[in-house]
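Read through the structure below, which is laid out as structure tokens, and then see the notes.
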Amino acid sequence: MSKSHEIADRLSRSENVIAFTGAGISTESGIPDFRSPGGIWANSQPVLFQDFLASADSRHEYWRQKSVSHSDFKNSKANAGHQVLARWEDAGRLQAVITQNIDGLHQDAGSNKVLELHGTAREIMCFGCDARYGAGEMTEKFLADDQVPTCPACGGLLKHATVSFGQQLPDDVLEEAIQLTSNADHYFAMGSSLVVEPAASLPRLAKQNGANLVIINRDETPQDDLADWVIHASIGDTLKAIDKYLAAK
Ligand SMILES: [Zn+2]
């Protein structure tokens, strides 16, 4: 039996299935991993949250970087990996997706229950009045007049609804992610190097609480020894193969 076949077999007998996803699922949609060569942080330093608040120059650099990644996001589409997960949720086979990604591609594919640990780049939020705006309209404004936009309602500072370096993860989202992870009986960790917190501890937590752990990632991870199955291959291809066996059941 192939690994995909074995995983499908186990999956069909699981009740609490959770998928944790990182940048690797989105690189298959053509979104560069920020940290990889060619990614935005290969050539520029990310703007720390404290600097964003303190300095107009930092805010300008922040918006410049974000307008670059915005065009990557705008031109990308959900891929086979996102689509299989959305289908599994529809069919009642998957409870939730917990993601480190900010690109919204899980929702594009049709996933409803998505916990975004790092927020979303689809929205802009105002620090003054909590208003939310579409990222597209504000990015276009920035590119048109090369000025950092301010809130049309109150003149407050505008930033993407993402977690910046130096900013805390949202407590409520993290708590729910921990809860879902603890209750899982089958856990996929995909497209993450599983080095940075909380990615480093969530799969371990699932395993400690009795879940079967499947790691799918292009490269090795420090958690590979912990997993019941490890696959170093494309997420989209692997999930399609598992899905094919599931459908045949
Ligand atoms: Zn405002």
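Values in this text are rule-based calculations from the coordinates and carry no lab data. No experiment lies behind these values; they were computed from the predicted model shown. Here Cβ is always computed from backbone atoms with ideal geometry, including for glycine, and neighbour counts include all displayed protein chains.
Details
- Point-charge dipole on Cβ atoms (K/R +1, D/E -1) for the chain, about Cα centre, debye to 20: 460 debye
- Annotation: average projected area of the stretch 163-229 is 4.6 square nanometres, based on the convex hull of Cα atoms across all directions.
- For a straight C-alpha distance cut-off of 19 angstrom, the lysines reachable from Lys244 (same-chain residues fewer than eight places away being disregarded) are Lys3.
- At 1.306 mPa s and 10 °C, Stokes D of the stretch 78-153 from Kirkwood alpha-carbon radius, µm² per second: 112 µm²/s
- Stokes-Einstein diffusion of the stretch 112-249 at 37 °C, 0.692 mPa s viscosity, Kirkwood radius from Cα pairs, rounded to a whole number: 185 µm²/s.
- Cross-link reach list, lysines versus Lys159, counting only Cα pairs under 21 Å and skipping chain neighbours closer than eight places: Lys66, Lys74, Lys141
- Centre separation in Å (Cα based) which lies between the stretch 182-249 and the stretch 86-128: 18 Å
- Each of Ala91 and Asp224 was given a label point 7 Å from its Cα along the Cα-to-Cβ line. The distance between the two points is 2.9 nm.
- Degrees, to the nearest 10: 171-183 long Cα axis against longest axis of the chain: 10 degrees
- Relative to the longest principal axis of the Cα atoms of the chain, the long axis of helix 235-247 lies at roughly 40 degrees.
- Convex hull volume of the C-alpha atoms in the chain, normalised per residue: 121 Å³.
- Taking the Cα centre of the stretch 155-249 as reference, the dipole from Cβ charges on Lys and Arg (+1) and Asp and Glu (-1) amounts to some 300 debye.
- Acute angle (nearest 10 degrees) that the helix 56-74 long axis makes with the longest principal axis of the chain, alpha-carbon atoms: 40 degrees
- A full extension of the chain between Leu169 and Cys129 corresponds to an added length of 12.4 nm, given 0.36 nm per residue minus the alpha carbon distance.
- Loop-located chymotrypsin sites (Phe, Trp or Tyr not before Pro) in the stretch 100-175 (DSSP state not H, G, I, E or B) with no more than 16 neighbouring Cβ atoms inside 10 Å: Phe127, Phe165.
- Cα-centred dipole magnitude for the stretch 1-114, charges only on beta-carbon of K, R (+1) and D, E (-1), debye, nearest 20: 120 debye
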